[in-house]
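The structure under discussion appears below in the form of structure tokens.
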Amino acid sequence: MKTALEQCTALLHDLVAFPSVSGQSNLPIVEYIERWLAEHGVPCERVSDESGERANLFATIGPDRGGGVMLSAHLDVVPAVPDGWDSAPFTLTERDGLLFGRGAVDMKGFLAAVLAMVPVFQARAAELDRPLHLAFTYDEESGNFGAQRLYDFLMARPTRPAIAIVGEPTGMRPIVGHKAGYEMIAEVHGAASHAARPYAGVNAIHYASRLIAHLEERAQSMAAQPRVGSPFDPPYTTINVGWIEGGMARNVVPESCRFDWEIRPIPEDDGDAILAGIQQHIDTVLQPEMRAQHPDTGIMLRHEVIYPALRAEPDGAAARLVRDLWTDAPPGVFSIGTDGGYFQAAGISTVILGPGQTARMHETNEYIEVSELEACLDFLGRLAEHADRRG
């Protein structure tokens, strides 16, 4: 019989082999996990997107009632181009105690550890005083779309878990808060003309540049007023413009320009209000100028995704559980987003805790250490013991 670590490594080998890149169908890895759970007598539910090509999984081990702990992992990974890798990115490769492969640390390592412990959890199911829930989501990397769908699923249930542990790589140190995310697109529609007669057109690139300058002014204003005592780095809401395209030739006044940008509000700031202020500047300053020249011009803001912040609760139920079972290290915060904000929004006390280091996420030659998987398995074993305490 395999040890828990041997089983975890074997599962990770299989999981990494699924190129479950965000935005693509994840049904092959979903079906693999369903078979594994079925082999151990654990029923699960699919929570699919509209297309049916991507799905979350939700399962419960132990008493079918509210409360208990939910272990959550996302199934998707970022793309991996073989160039630059020392081994095939979708083949788990071990070298000197390190396991290389896309998703090894973000976050199939945690997923493999949870699945490896399923036989242990299920063997104790009859004795569990509190249920253990498993929640595996799709398309976290591209915008937490699976978590948003899972939120609706959880809210429709008569009862919900009490605590969520999201296994993003944190070095097995607790993270109790993160910023929200507004992932935005700005589309500027001008009017084309010959560059020799610029007054005959409306330059979409110029107005995009003015909007970008306004975003920078707002970003600098927020940076100049950091939140005193905030644990976030930086301790204020940030705005970034990350990609831009527009125009067709230097002698043509450009008709269109588009740029992708984002707002990362700290939990204390109102992201909707910040966005409304930006829209007001468009409506009262930029668009009136554009439409005075050509009525069919304008600027449209649309969002690809908006995900909620995780409000820091260093003394919440999830943080206390980690402190009792694992470490009294002071909880930290992320500036990156996770599925955890949706779980907290569903009324579930949430902590981010998982094996591996954040610095290895999305990197070429991504890896997780065998010793880090061992630590995660140790924690999950303690959790199983905790769950069967009665009274």
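Share of carbon and sulfur in the accessible area of the stretch 45-199 stands at 51%, probe radius 1.4 Å. Across the stretch 246-256, computed HN-Hα scalar couplings (Karplus, 6.51 cos²θ - 1.76 cosθ + 1.60, θ = phi - 60°) run x, x, 9, 6, 5, 9, 10, 5, x, 7, 9 Hz from first to last residue, x flagging Gly and Pro. Over the stretch 1-79, the ratio between the Cα radius of gyration and 2.2 N^0.38 Å evaluates to 1.20. In a fully extended conformation the segment linking Thr91 and Ser25 would gain 21.8 nm over its present Cα-Cα distance, using 0.36 nm per residue.
For the stretch 19-63, GluC sites (Glu not before Pro) are listed when DSSP marks them as loop and at most 13 other Cβ atoms sit within 10 Å of their Cβ; the list is Glu50, Glu53. Over the chain, what relative contact order in percent results from Cα pairs under 8 Å that are six or more residues apart? This gives 25 percent for the chain. So if R0 is 56 Å, what FRET efficiency would Met1 and Asn251 give, r being the distance between their Cβ atoms, rounded to the nearest 0.05? That gives a FRET efficiency of 0.15.
Centre-to-centre, using Cα atoms only, the stretch 3-60 and the stretch 118-192 are separated by 15 Å. A 1.4 Å probe run over the chain, with the rest of the protein chains in place, finds 43 Å² accessible per residue.
The distance linking the stretch 62-84 with the stretch 274-301 is 41 Å (Cα centroid to Cα centroid, whole angstrom).
The slack between Val228 and Asp315, meaning 0.36 nm per residue of separation minus the straight C-alpha distance, is 29.3 nm. Phi angles of the stretch 296-304 translate, via the Karplus equation with coefficients 6.51, -1.76, 1.60 and θ = phi - 60°, into HN-Hα couplings of 8, 8, x, 10, 10, 9, 9, 9, 7 Hz per residue; Gly and Pro are given as x.
Only protein atoms count toward the accessible area here, which uses a 1.4 Å probe; on the stretch 220-312, the carbon and sulfur part of that area reaches 48 percent. Simple point charges give the picture: +1 on the Cβ of Lys and Arg, -1 on the Cβ of Asp and Glu, and for the stretch 254-340 a dipole about the Cα centre of about 80 debye.
Per residue, the convex hull spanned by the Cα atoms of the stretch 1-148 amounts to 112 cubic angstrom. For His194, the solvent-accessible surface with a 1.4 Å probe is about 100 Å², rounded to the nearest 10. For the chain, the share of alpha carbon pairs falling in successive 10 Å distance bins from zero is 5, 21, 28, 22, 13, 7, 3, 1, 0 percent.
Take 369-379, 143-153, 339-349 and order them by the average number of nearby Cβ atoms within 10 Å per residue, most first; the result is 339-349, 143-153, 369-379.
The values are calculated or read from the model by the stated rules, or taken from the named source; none is laboratory data. Note that the structure is predicted; figures quoted are calculated from it, not measured. Note that each Cβ is placed from the backbone with ideal geometry, even for glycine, and that neighbours are counted across all protein chains shown. SASA here: full protein model, heavy atoms, side chains in, ligands and nucleic acids out. Shrake-Rupley method; radii C 1.70, N 1.55, O 1.52, S 1.80 Å.
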